[in-house]
Amino acid sequence: MQRNMRLLIAVTIGMGVLILLGTTVVILTVAHRMTRPRARPNTMVSLHLDEPAGTRIRSIAGAGDRVAVELEGGGAERIVLIDPDTGVVTGRITLGR
């Protein structure tokens, strides 16, 4: 009877240790994936902005996870927001005069 109790205690302690180790691995994996930067595709993206003749790029800047391209000429000044992963225009901001 005493031997069975010792075995039961040993198995219980072993299971507790395995639960703690498993929980630690899960927490560390989640923390690592949250702090690692998002992988960018290794493909080159071509983009043709369908803008009027006489349009010039004034500046280009990062805007969160988008690229903001400031355009002048060919009409009102405007900013075009582009997804750098796909090259898709995701928004336009027109600066009225």
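A few comments on the model shown:
- Between 0 and 90 degrees, the angle of helix 2-35 with respect to the longest Cα principal axis of the chain falls at about 10 degrees.
- Volume per residue for the chain equals 131 cubic angstrom (convex hull of Cα atoms).
- Simple spin-label estimate for residue 92 and residue 65 in nanometres, 7 Å along Cα-Cβ: 2.4 nm
- Each Cα pair under 8 Å and six or more residues apart adds its separation to the average, and for the range 26-97 the resulting relative contact order is 22 percent.
A short reminder: the numbers here are calculations on the coordinates, not readings from a lab. In this text the structure is predicted, and so the values were computed from the model without any measurement. In this analysis, Cβ positions are derived from the backbone assuming ideal geometry, glycine residues included, and neighbour counts consider all displayed protein chains.
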